[in-house]
Amino acid sequence: MRVLTTPADVAAATADPLARWAAQALFPGRGGAAWAHGEAVAVLAPALNRHDRLVLVGPVDDVAVLLRAHVRPGLSPLVTTEVAEGLGWPVRGTFGWMERTGALAAPDGVRWLAEDEWDDVEALLRKAAPHSYVWPGEPGPARWAGVHADGVLVAVGADAWSAPGVGT
């Protein structure tokens with residue numbers, strides 16, 4: 001098992017966007033750690049999507065070794081559907097990735113919200129998405145975009161937990 005100390009080390013060990021996304025936890029002050037075993041990579045990512053995550057990618061047998069070595073109480077393992085099925089775990093949810101280059105720009109009708117509008121974001125989330133993984137004022141969101149109808153905020157999206165080359 002080898003220790004990976006930077007996001008670049010993770011990217012060199014795997015092209016998987018899930019691991020590259022989690023590797024933002026390796027930036028200074030974020031408290032992350034990462035390891036590789038065989039063809040698998042594990043990234044410990046504190047407070048990623050509001051949970052302490054152990055993100056694991058690669059072949060099931062190699063992932064299992066990393067999982068046994070690094071799982072601990074309070075960690076939420078995050079794996080692909082294929083790995084979950086290989087480990088005999090239930091698939092609890094799926095989501096996709098957005099790989100991007102360049103700056104994020106808001107389309108027509110959408111604008112980046114000022115921080116003094118984030119209370120409106122929170123009110124909308126409490127009403128429409130109380131189990132959201134991202135909330136204003138918590139670690140993760142860099143900025144919020146919103147759509148207004150008749151002066152009322154009706155839809156939001158966050159630029160949150162984005163990592164070099166991988167946006168969420």
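Overview of results
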read-out	value
Candidate set: the stretch 119-134, residues that are free of Cβ contacts under 8 Å to residues at least 12 places away in the same chain and under 19 Å from H51 (Cβ atoms); chosen: the one nearest to the chain's Cα centre (by Cα)	S132
Test: V156 is over 23 Å from Q24 (Cβ atoms), free of Cβ contacts under 8 Å to residues at least 60 places away in the same chain and touching a strand residue (DSSP E or B) at 6+ places or on another chain (Cβ under 8 Å)	no
Qualifying residues in the stretch 9-29 (those that are small (G, A, S) and farther than 16 Å from L75 by Cβ) - the one surrounded by the fewest Cβ atoms within 10 Å (Cβ to Cβ)	G29
Candidate set: the stretch 30-88, residues that are aliphatic (A, V, I, L, M), in contact with a Lys or Arg (Cβ under 6 Å, 6 or more places away or on another chain) and under 22 Å from E138 (Cβ atoms); chosen: the one most open to solvent (accessible area, probe 1.4 Å)	L78
Selection within the stretch 136-147 - under 24 Å from D108 (Cα atoms) and either part of a loop (DSSP other than H, G, I, E, B) or of a type in the set (D, E, K, R) (or both)	P136, R143
Residue in the stretch 91-106 that is at negative phi, in a loop (DSSP other than H, G, I, E, B) and at pLDDT 90 or above present	no
Residue satisfying all of: in the stretch 148-168; of a type in the set (V, I, T), in a strand (DSSP E or B) and within 19 Å of the chain's Cα centre (by Cα); modelled with the lowest pLDDT among these	V166
Residue, least open to solvent (accessible area, probe 1.4 Å), within the stretch 111-132, restricted to residues that are in contact with a Leu (Cβ under 6 Å, 6 or more places away or on another chain) and assigned to a helix (DSSP H, G or I)	L124
Elements of type strands (runs of 3 or more DSSP E) contained in the stretch 1-69, each with 3 or more residues being among the aliphatic types (A, V, I, L, M)	33-37, 40-48, 51-57
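The values are calculated or read from the model by the stated rules, or taken from the named source; none is laboratory data. Values in this document were obtained by computation on a predicted structure and should not be read as measured data. Note that we place each Cβ from the backbone using ideal geometry, even for glycine, and neighbour counts take in every protein chain shown. Each accessible area value is taken on the protein alone, full model and side chains, heavy atoms only, with ligands, DNA and RNA left out. Shrake-Rupley method; radii C 1.70, N 1.55, O 1.52, S 1.80 Å.
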